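What follows is one structure encoded as structure tokens, with my remarks underneath.
Values quoted throughout were computed directly from the atomic coordinates according to the rules given, and no laboratory measurement underlies them. Keep in mind that what you see is a predicted model, and the values were worked out from it rather than measured. Neighbour counts are summed over all protein chains in view; Cβ atoms, including those assigned to glycine, are modelled from backbone coordinates with ideal geometry.
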Amino acid sequence: MNTLPDAAAAQARINEIQQLYREWTELLPKLEAARQDWRRGEAIMRQLEKFYFDGEYARYHQAIENGLNIDLHTAGEYSVMGEDTLWNAGAEQQALAWQWLRAAVAVLDRGGEEAV
């Protein structure tokens with residue numbers, strides 16, 4: 001038997017869902033911006049990996065080891081000439097990509113509340 005909810009309970013629930021929708025509409029541009037940031041991050045990582053894996057890093061590293069005078073002082077981040085800096089950056093990107101992929105699949109499978 002279908003019974004009508006009382007007006008106060010119905011209004012409270014509708015207000016709650018309306019607030020969630022409002023929050024979604026405010027969040028959506030941020031999610032879209034994050035996607036653009038992800039793409040920029042991917043472009044950056046491709047350049048970093050090319051530097052590291054195509055031999056340029058090794059050539060510079062060897063030259064520095066042999067006495068090439070290069071200022072490796074940074075603004076606070078690790079130096080790209082550090083032994084693990086670029087390797088770790090790639091691993092961090094890959095781990096994050098897997099997290100995003102799993103979260104996206106969970107949403108598509110309608111198990112999104114358990115994602116992320």
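Identify which of ASP37, ASP84, ASP71 has the largest mean-square fluctuation in a Gaussian network model of the chain, with springs joining Cα atoms closer than 10 Å.
ASP71
Specify the residue with the greatest mean-square fluctuation among ARG46, ARG35, ARG22, computed from a Gaussian network of the chain linking alpha-carbon atoms under 10 Å apart.
Evaluated over the chain, the most mobile residue of the options is ARG22.
In bins 5 Å wide, starting from 0, what share of all Cα pairs of the range 7-114 does each bin hold, as a percent?
Final binned percentages: 2, 9, 11, 15, 14, 10, 9, 8, 6, 5, 4, 3, 2, 1, 1, 0, 0.
Treating the beta-carbon of each Lys and Arg as +1 and of each Asp and Glu as -1, no other charges, what is the dipole magnitude of the chain about its Cα centre, to the nearest 20 debye?
Values: 11 positive and 19 negative charges, 87 e Å.
Result for the chain is approximately 420 debye, rounded to the nearest 20.
Any idea which of ASN88, LEU48, PRO5 is furthest toward the positive side of the dipole for the chain, if Lys and Arg beta-carbons carry +1 and Asp and Glu beta-carbons -1?
Of ASN88, LEU48, PRO5, it is PRO5.
Semi-axes of the equivalent ellipsoid of the range 47-92: what are they in whole Å, largest first, if each equals the square root of 5 times a C-alpha gyration tensor eigenvalue? Provide the component values of the computation, followed by the final result.
Details: eigenvalues 63, 42, 12 Å².
Each semi-axis is √(5λ); the values are 18, 15, 8 Å.
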